[in-house]
Amino acid sequence: MIPGTSKRRTPDVDPVSVERACAGQPHQLTVAERAKAVALLTRAGYSARNIATRLGVAERTVVRHRKANTEMKQAIDDYLGKARQLVHTYVTKRLETTDKHVTFTPDDVYVVWFCKTLQNWKALVSTTLPDGMYYEVTHNGDQQETYIDAYKKFAHVRVVD
């Protein structure tokens, strides 16, 4: 067990990989497992030098993993922000003119699900408005285009197996 961490499973980190890394078996880690181990040990407060020693890699490798992780988080935050902003603009333009009493701010838009693959990404987005709508924001990285599909839930049917 890594000092300063709980036994609770961290969703984005495979505990077996981290335990293997800290148990003196870093040579058996894949690149993805090493990146996850660096992320977990960083969150636990270990220095880059200490992490490098534990994982049996150069300190610059740890710094590179940290930088890549930070850049990816920033990019994802940018994509989520863009999806929320696009849906807010879309909904604001389509609010009925009789809905002047409705206050609708960007904070009323939230992301339910997000996925990025290669240069493309997709977000399922909803709002706090009681209209039953949800939105699928899809970015096509090849064409540098983003699409918004709007859906309304009409029914929720239970099917017993």
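Readers should treat all values here as calculations from the given coordinates under stated rules, not as data from a laboratory. Note that the coordinates shown come from a computational prediction; the quantities given were computed from them, not determined experimentally. With ideal geometry, Cβ positions are generated from the backbone for all residues, glycine too; neighbour counts draw on all protein chains shown.
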Stretched out fully, how many nm does the piece from residue 119 to residue 148 gain, at 0.36 nm a residue minus the Cα gap? 8.7 nm
Using the count of nearby Cβ atoms within 10 Å as a rough guide to exposure, how do 131, 107 rank from fewest to most? 107, 131
Where nothing but the Cβ of Lys and Arg (+1) and of Asp and Glu (-1) is charged, how large is the charge dipole of segment 70-152 around its Cα centre, in debye to the nearest 20? 60
Under 21 Å from the Cα of residue 73, which lysines turn up, not counting those fewer than eight places away in the same chain? 36, 82, 116, 122
If you average the C-alpha positions of segment 76-110 and of segment 49-68 separately, how far apart do those two centres end up, in angstrom? 41
Sequence ranges 39-46, 71-78, ranked by mean other-Cβ count within 10 angstrom, highest first: 39-46, 71-78
Neighbouring Cβ atoms within 10 Å as the yardstick, rank 135, 110 fewest first. 110, 135
So, with points 7 Å from each Cα along the Cβ direction, the residue 30-residue 160 label distance in nm works out to 4.2
In terms of the Cα gyration tensor, with a ≥ b ≥ c the square roots of its eigenvalues, is segment 69-161 rounded because a/c is under 1.5, prolate because a/b exceeds b/c, or oblate? oblate
